[in-house]
Amino acid sequence: MERLQQTESHVSSALAIRPFRVQSAALLTALVICVSLAHWPSLESKALFVDDYAYVINNPLVMHPSWDSTSRFFTEVLQPSTVRGYYQPLAMISLMLDVAMGGGPENLELFHRTSLILHVLNTALVAVVLYQLFGNIPAATLMAVIFGVHPLTVEPVVWIADRKTLLAAFFALISMSCYLRFVHRRGWISYSSMTLAFALSVLSKPTAAMLPIALLLIDIWPLQRLSLRSIRRNVWGIFVEKLPLFAILAVSGFIAYWSSKISLDTTEVGESNPLTFLLALCHNIAFYFWKILWPVNLTPHYPFPPSIKLIDSTMIIGLIVCTVILAICLIGFRRTRAPLIGFVTFVILLLPTLSIMKQTITLTSDKYIYFPVIGLLMVGCAAMAVVLSGPFQSKKNWARPAIWLAIPILLLAEITASRNYAKEWRDTDALYTRVVNLAPQSSFARFGRGHYYYSLGNWNLAESDWRQAVRLQPANINAIYNLGLLLEETSRQEEALTLYENALRFSPQNVEILVASGLALQNVGRTTEAERRFRVAVRVSPASVNAASSLANLLADTNRLEQAREIFQRLADSHPNHADVLNNYGRVLLRLSRNEEARPILEKAVSLSPKSVAARFNLGTVLLNSNRAAQAVAQFEEAARIVPGDTRIIIKLATSMAAAGRTADAILICESALQASPGNAEITAILDSLKKGLAGGA
């Protein structure tokens with residue numbers, strides 16, 4: 001402790017930030033090599049997990065890079081149309097740029113490459129920040145490498161959707177570095193760079209918003225700008241210089257809170273019971289300390305604790321661990337502030353991830369401590385600086401040789417563990433197998449694996465996992481919803497309806513279940529009940545496109561076209577880039593014989609969703625009705641290419657070809673279709689009609 005205190009007394013002089021010496025280049029090179037070696041297997045990962053579908057695979061804005069997508073990422077603040085509950089425009093744009101460079105479901109390596117580069121840069125920035133704080137290049141580099149190769153950093157690198165964590169940490173570390181430079185030189189460039197970098201950090205992920213408070217703690221230790229003696233004299237100026245940061249924090253917190261409140265069914269830990277929040281906090285701290293020291297059985301999903309009460313053993317253990325840590329920090333406070341300030345910094349930066357403003361699917365995740373761990377790294381670097389310099393340089397001292405002997409062993413163990421864990425992400429099947437094996441009683445894990453099996457077309461395994469998910473958690477709405485859709489697709493409508501009815505007992509105002517049950521009722525001819533469900537869904541969530549569209553489609557199917565048109569017009573005005581809304585709106589206008597109004601709407605729907613067969617079919621029909629047969633042929637040909645053998649498309653294609661004066665081509669199309677589907681009465685009838693017309697014309 002005395003030695004740590006001696007180090008603190010020299011911190012101010014260490015802040016005289018001098019250029020890195022030649023040895024720093026060698027150390028940073030070693031850093032890059034070690035971190036790259038530890039995470040290299042991530043580049044070969046083919047696994048997709050949960051959020052990857054919402055963030056990339058099924059995200060139309062990310063998968064269709066454009067200035068329009070960029071604009072929507074920035075302007076959709078409280079209600080993002082793709083990834084709900086989070087305002088993170090820079091993270092989404094980063095993923096979109098990877099897609100623009102060739103990334104996609106069949107080429108995940110590009111995403112992993114970008115993430116690995118960001119992680120290497122973050123590790124280097126950690127070294128820079130620690131050097132600025134303590135002035136010891138070897139100690140700063142060593143702690144940075146320990147961070148960079150630790151198995152807990154694998155998840156943010158290999159999980160595509162977690163780009164936000166890497167990007168937010170990147171800008172937050174830059175902001176910290178600029179602040180330390182500003183403290184020493186007081187330049188406006190450093191100050192403005194600090195503010196800008198912090199703003200970019202929260203635009204990447206709002207959980208980085210606690211940085212200003214962490215900087216205040218750093219002012220206490222190791223900067224020693226605040227002390228009991230100088231607090232009255234210095235505190236106001238030190239706080240005022242951070243006002244822009246606190247303003248950004250306030251705006252980010254407001255957006256994060258209301259975005260999650262509007263978009264998500266949130267459950268706030270501790271919102272009604274401070275003890276619950278305290279227990280969750282202690283549980284998480286104990287969990288992360290254990291994983292830092294013993295990083296085994298890592299997984300992207302840790303099940304939610306059975307209960308957050310004092311009767312739960314994990315909560316009791318967490319409370320004891322935190323009490324012990326805090327006691328150690330307080331006992332040693334007179335000698336050194338390092339442990340207490342480092343620990344509190346870690347906790348402060350961790351707070352936004354404790355499910356305070358998001359769905360509580362899980363309390364803990366490896367990625368949550370990616371940036372907060374800087375608080376613990378500061379303590380480690382201070383201790384390492386003492387060991388590697390000053391009075392410890394005596395030849396009789398055994399600490400230095402022991403540490404230099406332990407360092408390669410520790411790094412080798414971490415690198416090996418990180419590489420092994422990254423290999424568990426080699427494909428989606430292997431990853432979900434690991435998740436389910438480590439958490440066999442997790443409803444969320446079963447649901448995720450069922451979703452994966454469904455995407456492969458293995459409906460039996462999907463149904464089995466989804467049934468298990470519902471059994472483990474009867475209120476798992478996502479599992480119920482997907483299982484119900486599967487039952488409907490396999491012609492088990494009544495069983496699906498029973499499932500939906502049970503779900504509505506748990507969550508009577510769940511919009512997705514209301515809509516799904518309404519569609520199921522409509523499919524079995526119970527349209528009055530279906531309409532009632534749709535109207536309840538619209539009343540519960542007026543902003544739900546799915547609910548309003550389902551109601552409008554039912555109205556159209558029951559020949560209440562004008563009412564349907566009014567709903568779709570409102571939806572098209574509020575969601576001008578929603579392809580399905582535009583297609584359905586155009587379809588209703590088509591049925592109302594308002595072809596000229598329908599044509600530009602359907603053209604936009606096709607441009608937004610080029611592979612939409614329904615949009616192309618409806619646009620082709622409008623063009624055919626408007627005496628634009630040649631243009632109609634192009635739409636029907638593309639639709640036939642996407643879905644070969646569809647009778648309706650073939651008939652429309654043949655009809656439009658005949659209208660365009662290509663009767664011979666239309667006959668060939670029909671004859672080819674009959675070879676693939678002999679005896680098709682509809683195609684036979686249109687073929688006979690075409691032949692008679694050709695003969696009559698001759």
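The values are calculated or read from the model by the stated rules, or taken from the named source; none is laboratory data. Keep in mind it's a predicted model, so treat the numbers as computed, not measured. So basically every Cβ, Gly included, is an ideal-geometry build from the backbone, and we count neighbours across all protein chains shown. Quick note on the areas: whole protein, heavy atoms, side chains included, nothing else; ligands and nucleic acids left out. Shrake-Rupley method; radii C 1.70, N 1.55, O 1.52, S 1.80 Å.
With the other protein chains left in place, how much accessible area per residue, in square angstrom, belongs to the chain at a 1.4 angstrom probe? Please report the intermediate quantities before stating the final value.
Details: 31380 Å² over 698 residues.
Heavy-atom accessible area per residue stands at 45 Å².
Suppose a student asked you for the relative contact order of the chain, using Cα pairs under 8 Å spaced at least 6 residues apart; what percent would you report? Each step should come with its number before you reach the end.
Working: 983 pairs, mean separation 77.1, N = 698.
Relative contact order for the chain comes out at 11 percent.
What aspartates and glutamates does LYS309 reach when the alpha-carbon gap must be under 12 Å and sequence neighbours fewer than 8 apart in one chain are set aside?
none
Using each residue's phi in segment 598-615, evaluate 6.51 cos²θ - 1.76 cosθ + 1.60 at θ = phi - 60° and report the 3J(HN,Hα) Karplus result to the nearest Hz, with x for Gly and Pro.
Computed from phi, the couplings for segment 598-615 are 6, 4, x, 5, 6, 4, 5, 4, 5, 5, 6, 9, x, 9, 6, 5, 4, 5 Hz.
List the pairs from LYS164/LYS261; LYS205/LYS242; LYS604/LYS691 whose alpha-carbon separation is above 30 Å, in the order I gave them.
LYS604/LYS691
Give me the one-decimal nm value for the distance between modelled label points at ARG84 and ILE292, 7 Å along each residue's Cα-to-Cβ direction.
If labels sit at ARG84 and ILE292, their model points lie 3.6 nm apart.
I'd like to compare 679-691, 367-379: which one has the highest average count of other Cβ atoms within 10 Å, and what's the full order after that?
On the way: 679-691: 15.5, 367-379: 24.3.
Put in order of decreasing packing, that is 367-379, 679-691.
When the helix-only estimate is applied to the chain (DSSP H runs of n ≥ 4, each -39,500 (n - 2.57), divided by the residue count), what is the mean residue ellipticity at 222 nm, nearest 500 deg cm²/dmol? All intermediate terms of the calculation are to be shown ahead of the outcome.
Values: 35 runs with 489 residues, N = 698.
Estimated from H runs of four or more residues: -22500 deg cm²/dmol.
Run the quick spin-label model on SER192 and GLU494: label points 7 Å from Cα toward the beta carbon, then report their separation in nm to one decimal.
Taking the simple label geometry, SER192 and GLU494 are separated by 7.3 nm.
Taking N as the number of residues in the chain, what value does Rg over Cα atoms divided by 2.2 N^0.38 Å take? Kindly include the intermediate steps, with their values, before the conclusion.
Details: Rg = 30.5 Å, N = 698, 2.2 N^0.38 = 26.5 Å.
Rg over 2.2 N^0.38 Å, computed on Cα atoms: 1.15.
Report the Cα centroid-to-centroid distance between segment 409-425 and segment 147-183 in angstrom, as an integer.
First find each Cα centre; the distance between them is then 19 Å.
Please work out the Cα convex hull volume for segment 388-491 and give it in Å³ per residue.
Details: hull volume 14.5 nm³, N = 104.
Residue-normalised Cα hull volume stands at 139 Å³.
More than 12 angstrom separation, counting every C-alpha pair in segment 23-75; what % is that?
Working: 1032 of 1378 pairs.
When all Cα pairs of segment 23-75 are counted, 75 percent exceed 12 Å.
On each of the three principal axes of the Cα atoms of segment 468-556, give max minus min coordinate, whole Å, ordered largest first.
Its Cα atoms span 38, 27, 18 Å along the three principal axes.
Tell me, what % of the accessible area of the chain is carbon and sulfur with a 1.4 angstrom probe? Present the calculation step by step, with values, prior to reporting the outcome.
Working: 18970 of 31380 Å².
Here carbon and sulfur together make up 60 percent of the probe-accessible area.
Could you tell me how many cubic angstrom of Cα convex hull volume segment 626-677 has per residue? Walk me through the intermediate numbers first.
On the way: hull volume 3.0 nm³, N = 52.
Roughly 59 Å³ of hull volume per residue.
Residues of segment 639-654 with the amide nitrogen closer than 16 Å to a label point 7 Å from the Cα of SER689, along Cα-to-Cβ, please.
What the label zone holds, given the 16 Å backbone N cut-off, is 647-654.
Reported to two decimal places, what Rg/Rh ratio describes segment 418-457 when computed on Cα atoms with Rh from the Kirkwood expression? Please report the intermediate quantities before stating the final value.
Numbers: Rg = 10.6 Å, Rh = 10.5 Å.
Taking Rg over the Kirkwood Rh, I get 1.01.
With a bin width of 10 angstrom, please list the P(r) values of segment 579-641 as percents of all Cα-Cα pairs, from the 0 bin to the one holding the largest distance.
29, 59, 12
Determine the distance separating the Cα centre of segment 496-526 from the Cα centre of segment 50-74; give it in Å without decimals.
If you average the Cα positions of each part, the centres end up 30 Å apart.
For ALA543 and ARG594, what is the calculated FRET efficiency with R₀ set at 30 Å and r taken between the beta-carbons, to the nearest 0.05? Walk me through the numbers on the way to the answer.
Values: r = 27 Å, r/R0 = 0.90.
Given R0 = 30 Å and the Cβ-Cβ separation, E is 0.65.
With Cβ to Cβ distances under 15 Å as the rule, what net charge do the other residues near VAL373 carry (K, R +1; D, E -1)? Before the final figure, lay out the partial values.
Numbers: positive: LYS291, LYS367; negative: GLU155, ASP366, GLU414.
Taking every other residue near VAL373 into account, the sum is -1.
I'd like the Karplus ³J(HN,Hα) series for segment 452-468: coefficients 6.51, -1.76, 1.60, θ = phi - 60°, whole numbers in Hz, and an x wherever there's a Gly or Pro.
Those phi angles translate into 5, 4, 5, 5, 7, x, 8, 6, 5, 5, 4, 4, 4, 5, 5, 5, 5 Hz.
Quick one: Karplus J couplings for segment 428-436, per residue in order, coefficients 6.51, -1.76, 1.60, θ = phi - 60°, nearest Hz, x for Gly and Pro?
5, 4, 4, 5, 5, 4, 5, 4, 5
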